[in-house]
1. Provide a whole-number value for the mean count of partner chain Cβ atoms within 10 Å of the Cβ atoms in peptide B:207-217.
2. Using a probe of 1.4 angstrom, how much of the accessible area of the stretch A:1-116 is carbon and sulfur, in percent?
3. Measuring label to label, 7 Å along Cα→Cβ, what does B:ASN303 give against each other copy in nm, shortest first?
4. Are there any residues in the stretch B:288-310 with a reduction of at least 10 Å² in accessible surface when going from the isolated chain to the assembly of protein chains? Probe 1.4 Å, please list them by number.
5. Give me the residues in the stretch B:38-79 whose solvent-accessible area, probe 1.4 Å, is reduced by at least 30 Å² once all protein chains are included instead of the chain isolated.
6. Given the C-alpha centroids of the stretch B:56-131 and the stretch A:66-125, what is the distance between them in whole angstrom?
7. Which shape class, rounded, prolate or oblate, goes with the stretch B:201-360 when its Cα gyration tensor gives a ≥ b ≥ c as root eigenvalues, a/c under 1.5 marks rounded, and past that a/b bigger than b/c marks prolate?
8. Please give the total accessible area that chains A and B bury against each other, computed with a 1.4 Å probe and expressed in Å² to the nearest 100.
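The values are calculated or read from the model by the stated rules, or taken from the named source; none is laboratory data. Computed from a predicted structure; not experimentally measured. A quick note on method: Cβ atoms are made from the backbone with ideal geometry, for glycine too, and the neighbour counts reach across all protein chains shown. For the accessible areas, the whole protein counts, side chains as well, though only heavy atoms, and no ligand, DNA or RNA atoms are used. Shrake-Rupley method; radii C 1.70, N 1.55, O 1.52, S 1.80 Å.
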Number of protein chains: 2
Amino acid sequence: MKVVKGNIIFTPNKDEFKIIENGCIVIKDSNIVAVCDTIPENYSSYELFDYGDKLIIPGMNDLHCHAPQFRNVGIAMDKELIPWLNDYTFPEESKYESIEYGEKMYSRFIHEIYKNGTTRVATFATIHKESTKKLMDLFIQSGIGAYIGKVNMDRNSCNTLCENTLESINDTLDIIKEYSNKSNLVKPIITPRFVPTCSENLLESLGKLAVEYNLPVQSHLSENIGEIKWVKELHPDSKFYAQVYDKYKLFGDTPTLMAHCIHLTDEEIDLMSKKNVYAVHCPASNANLASGIMPLRKLLNNNVKLGFGSDVSGGHSFSIFKTMINAIEFSKLIWAQNNEYNFLSLSEAFYIATKSGGSFFGKVGSFEEGYNFDALVIDDSELNFDNYTLLERLERFVYLGDDRHIHNRYVNGSLI
Amino acid sequence: MKVVKGNIIFTPNKDEFKIIENGCIVIKDSNIVAVCDTIPENYSSYELFDYGDKLIIPGMNDLHCHAPQFRNVGIAMDKELIPWLNDYTFPEESKYESIEYGEKMYSRFIHEIYKNGTTRVATFATIHKESTKKLMDLFIQSGIGAYIGKVNMDRNSCNTLCENTLESINDTLDIIKEYSNKSNLVKPIITPRFVPTCSENLLESLGKLAVEYNLPVQSHLSENIGEIKWVKELHPDSKFYAQVYDKYKLFGDTPTLMAHCIHLTDEEIDLMSKKNVYAVHCPASNANLASGIMPLRKLLNNNVKLGFGSDVSGGHSFSIFKTMINAIEFSKLIWAQNNEYNFLSLSEAFYIATKSGGSFFGKVGSFEEGYNFDALVIDDSELNFDNYTLLERLERFVYLGDDRHIHNRYVNGSLI
């Protein structure tokens, strides 16, 4: 039981920041029990963590990334998607057959997640069961919350990454059994790589597993035009890409993350909205791989749930703050073209990064009663040299700050 | 006379990196006299600066920014251009009537330029003569190369920033006389803010000054649609925006920088090319202010000279490395839309940031015989944990690095 004190900033809804100057958050076990201007008398015996003039904001939620692409962050950026996959991504992922290699790189990966202020993450691993378990164990040690997916792919892949369908399912099931109750912060997630690399048998089995074990699902959707055509060729009966996932209960029958969602049909958007599927916006990756810009405002207007993803290593930065800036900038570039869709405000971007993205992990991402206390303590004194308002201080940290300004990180009530 | 040794990387042309592993650069006074694999015998008596496995690259050139907007970096990003100017930019620039305020903020500004590895900069100051002189003196102390423009504006401005035409010219002339020969690295540049804020008298006088004293010119061109319409209303006889500058000898009669250049006509592009006017690409600013994307490839294809600008505080980052990434990303977003213009490669972006942008300052931006030695020594050991190639190490530094990885900075042969 503790009280955390400082300048509290969060977004209870997308349109406004709630700012409590020199306020406090009362935490019992892992959850917030009160957020107030001054410490209430009945909590005065709680241990006090006084962060003075620092900012206290919710932790960042990264809803899409690829841990085994860690080594390739920031290289091969001149390549297009297919050579990038074949010459860089697949050879690298193949190395994770070695648990030792996995341990070495995954440790570095988690350190970057930690450094950049991400407190919850949903990540792809590789097809390899043992390395994936290692990644889960390392996350458990770190204290960061994570959904981790052993990747499933049994066709249209390179030799070293193509699974036998039955083995793919059995390995997935082993992980589910071993890890479903091992940690309350680190859990398995069903992870078909994307439609083209999964046979119908595999998709069907994965959907059944998701429903039977009530597990969330993550995959890719409509990242680029060639991919969409390919899905149509492989599944000529489907009306649109998402329908393939939906047919096999991999599209909102349990909580579902779909990364990219750039080129959606209106029917597809309706289905996402109806089935509460999260569209995960990965702007840096979408630019780096020349995929395009997700129509974020259109999805927001259609009540599609949203979150941000770093999409390392399609994206080159682990920082969800930088992802916010990319999302805002790209929405402004769309607006500049036709003035149809208002661009994203800072509070909207912050909301997507915190309360909206966090909702995938439970009551996460806001400072409200009953929420898990996931927080960052920001020391922006270097940036605050001229009496900026608290909101300006937050904005300057988002735009100018980096890991040097993150003083402390809390996940689920604990300092990590 | 010295020899600098390390892993040398630069772009003699836009299409390729020249990489010399463990090579050396021989410098006499401020200039490069040889670039080679091993130290030539006749230079063996020179003082050796051995940077071991570090990277040595040319310094960055920032061809457009606003020093007096330093305090406002990273705030008010939700505002559109006009409220941004009226509520934030103009009130802030008005404060520079005080030399004390100017000194305080300009010192911080120069420190950021330094920190981020920019070795030459062209910047706007304000209308105020004394603060502008202070900025020039501070730059002289810093060792960084700079063109600094006292801003001229005698109409369509707020009360506190609107000059009397004659005074505007006289103040400009005073600075020219005092600073033209004070330093070989810090020089005045003629700086009409942009067409709408300058009377025809003022433009005419500024053009005459530029030609008479052989001074370079910097201004803004075609940043957004409303601005272009406004110029047309103010100058109904002009065929296009640039023609107004051109009419008054402010468009390539002496070396000229034009920032933004987003919405150019084909005739305007021809004129830029013919008169060797630099188009300064400021992608972060153009996104932040929802202006659009400069058609960089089209300008490149038409032989328009190019450089990058941070455009602080329209842009939020001082790093020209981050500007490179923005430029590459935005060119990929254009490509994703219609596949008409190939996106920018890393070598092209690097070339624009170094040799192309540097050419505005003389023989600057490359490691070739006769060039001024402007360089950064990059310590990327933290990023280089897995035997990356030298080119991959450079790419990772550009995408993932920051000021922490810049070990040393040289301008014109001197360590600063």
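1. Numbers: counts 0, 0, 0, 0, 0, 0, 0, 0, 0, 0, 0.
For peptide B:207-217, the averaged partner shielding equals 0.
2. On the way: 2190 of 4840 Å².
Heavy-atom surface of the stretch A:1-116 belonging to carbon and sulfur, 1.4 Å probe: 45 percent.
3. Distances between equivalent label points, in nm: 6.0.
4. For the stretch B:288-310, once contacts with the other chains are taken into account, B:ASN288, B:ALA290, B:GLY292, B:ILE293 lose 10 Å² or more.
5. The answer is B:ARG71, B:VAL73, B:GLY74, B:ILE75, B:MET77, B:ASP78 - residues whose exposure falls by at least 30 Å² when every protein chain is included.
6. Value for the Cα centre distance between the two parts: 38 Å.
7. Details: a/c = 1.75, a/b = 1.47, b/c = 1.19.
Note, shape of the stretch B:201-360 comes out prolate.
8. On the way: alone 16670 and 16690 Å², together 29240 Å².
It comes to approximately 4100 Å² buried between A and B.
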